[in-house]
Structure formats: structure tokens, C-alpha cells
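Novice: Sharing a structure here in C-alpha cells format.
The values are calculated or read from the model by the stated rules, or taken from the named source; none is laboratory data. Only a predicted model underlies this, so the values are computations on that prediction, with no experimental measurement involved. FYI the Cβ positions are ideal-geometry reconstructions off the backbone, even for glycines, and counts take in every protein chain you see.
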Amino acid sequence: MNRRLGVLISGRGSNLQSLIDAISDRRLDATIAVVISNEPQAGGIERARAAGIETVVLSHRGWSSRDDYDRALAHELQTRDVGLVCLAGFMRIVGGPLIDAYAGAILNIHPALLPSFVGVDAQRQAFEHGVKVSGVTVHLVTGDLDAGPIVLQRTVPVLDGDTRDTLAARILEQEHAAYPEAVSLVLDGRWKIEGRRFVRL
Ligand code: GRF
């Protein structure tokens, strides 16, 4: 697989930073070709700039359809020869045109143990549900929300004294280790999909 990454963000970009750091520490053999944000104010844009990475702001507002927006995203990625798309706190559901352009080559990081607690604020959902273990999931993106083949999961305990925020912080620490590791695994290409399962060869 082509090792040029396109990272899509909407916010603070701490997972983007974990990829930047892993690349500079040589834990991850890849290049970030572009960081695309749908939000002009995303903190992650500054992180990308500081690392000398090209940034593009592509607002999701004002498009006549969701597909048009996704086509524009695919275009930005393809013109930079991106091989693997990493969603890193990208608060948009990616749809048909992007998934078709990057079949099996889009990753997402989700702050819960899927298939539990899909969608927004998964940390709060898990906390309020009262689970004793939560964690992080990195998965391939398909047309179904947070439901593609799971590449890697890491667990964290939920402690009696936790709040939503202390739990989220514990999960985030694992996210920052898990995402570079999962990206590296996927780029190595020694895997296959069996049904719903991501299986290493
Ligand atoms: C992370 O918790 C990630 O799992 C979720 O959105 C959050 C993004 O945080 N998809 P950041 O922008 O990477 O700091």
C-alpha cells in the first residue's frame, strides 16, 4: 500500500499529533501528504503547519449534496496521491464517493470498544451505561457507521471515582498508542478481510 497518508480532522488533532510523532520517531514508516479539516478553527491545523504538513480547509457547508462534498474530499486526497485515509476526530459521516474512491483504505479511531457505543461522545455513553471496561477501536470504514472490520482494540478500566472526563483522558492515552500501531499494521499489507474480520497473515 502507498504510504502517503491523508488525515481528516475537525478539532484539536491530538490523534493527528500522535501520527506526526510516530513518524518522526520512526515508529511509523509513512508520510502525511495532507491534513484536511472541515472546520477552519480546528486546532489540529496548527499542529500540521508546525510539522510542515500541507493543510486544506474544506468546509462541509454550502454543498448541494453530501455526495458532492465527499467527491471533493476524494479529489483533494487523490491529487496528492494519498494511499490511506485516516479519520482522526473527523466529525462527518463519510459517504459513498469517498468510500468508493478509497475502498478498504480508510481508517477511523473510535473512543469505545465497538460495537458498543457508536456515534458521538462514546466516552459519555460508556460512562453513563456503567461499563467496567472501555477502550479504543481502530477500524476500517465502510458505509455503516462505526461498523467496519476492527483492526485493533485496546482496553482501559473504568474506575469507581471516574467522571466522563477522567475516563476520556485514560482512553485518549491509549488512542495515541493505538492509532500509529494500527496504521503501521494496515500499511504493512499483511492482512486480509474474512467476513467482518481483519485477520493478520
Ligand atoms: C478522539 O477521541 C477520537 O477517538 C474521536 O474523536 C476524538 C478526536 O480527538 N474520533 P483529537 O482531535 O484527535 O484530539
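Novice: Suppose we filter D121, D100 for residues that are surrounded by fewer than 17 Cβ atoms within 10 Å (Cβ to Cβ) and within 22 Å of Q78 (Cα to Cα); which single one remains?
Specialist: D100
Novice: Of all residues in segment 1-36, count the ones that are farther than 16 Å from E175 by Cα, more than 16 Å from the ligand (Cβ to nearest atom) and either touching a helix residue (DSSP H, G or I) at 6+ places or on another chain (Cβ under 7 Å) or not in a helix (DSSP H, G or I) (or both).
Specialist: Count: 11.
Novice: If you check A48 against the conditions, is it of a type in the set (A, V, I, L, M, F, W, C), in contact with a Leu (Cβ under 8 Å, 6 or more places away or on another chain) and within 16 Å of the ligand (Cβ to nearest atom)?
Specialist: So A48 fits the description; yes.
Novice: If you go through segment 44-54 one residue at a time, how many are on the phi < 0 side of the Ramachandran plot and either touching a Pro at 6+ places or on another chain (Cβ under 9 Å) or assigned to a loop (DSSP other than H, G, I, E, B) (or both)? Before you say what the answer is, go through the steps one by one.
Specialist: Within segment 44-54, the subset on the phi < 0 side of the Ramachandran plot is 44-51, 53-54.
Filter again for either touching a Pro at 6+ places or on another chain (Cβ under 9 Å) or assigned to a loop (DSSP other than H, G, I, E, B) (or both), leaving 51, 53-54.
Qualifying residue count, segment 44-54: 3.
Novice: Within segment 181-189, does at least one residue satisfy the condition of being part of a loop (DSSP other than H, G, I, E, B) and surrounded by 19 or more Cβ atoms within 10 Å (Cβ to Cβ)?
Specialist: No, segment 181-189 contains no residue that is part of a loop (DSSP other than H, G, I, E, B) and surrounded by 19 or more Cβ atoms within 10 Å (Cβ to Cβ).
Novice: Out of all the residues in segment 81-88, is one or more of a type in the set (A, V, I, L, M, F, W, C) and modelled with pLDDT under 95? Break it down into steps so the answer makes sense when it comes.
Specialist: So in segment 81-88, the residues of a type in the set (A, V, I, L, M, F, W, C) come out as 82, 84-88.
Then drop every residue that is not modelled with pLDDT under 95, which leaves none.
The answer is no, given that none of the residues of segment 81-88 is of a type in the set (A, V, I, L, M, F, W, C) and modelled with pLDDT under 95.
Novice: Can you work out which of the residues in segment 157-177 that are buried (at least 17 other Cβ atoms within 10 Å of the Cβ) and β-branched (V, I, T) is nearest to the ligand (Cβ to nearest atom)?
Specialist: The residue in question is I171.
Novice: Let me ask something else about it. Regarding P149, is this residue away from the ligand (no atom under 11 Å from the Cβ) and in contact with a strand residue (DSSP E or B) (Cβ under 6 Å, 6 or more places away or on another chain)? Explain how you work it out, then say what you get.
Specialist: Details: away from the ligand (no atom under 11 Å from the Cβ): yes; in contact with a strand residue (DSSP E or B) (Cβ under 6 Å, 6 or more places away or on another chain): yes.
Criteria met by P149.
Novice: Hey, can you tell me all the residues within segment 55-78 that are exposed (fewer than 14 other Cβ atoms within 10 Å of the Cβ) and either away from the ligand (no atom under 16 Å from the Cβ) or part of a loop (DSSP other than H, G, I, E, B) (or both)?
Specialist: Across segment 55-78, the qualifying residues are S59, R61, G62, S64, S65, D67, D68, Q78.
Novice: If you don't mind, another one. Would you mind telling me which numbered condition in (1) away from the ligand (no atom under 11 Å from the Cβ); (2) closer than 17 Å to M1 by Cα C86 fails?
Specialist: (1)
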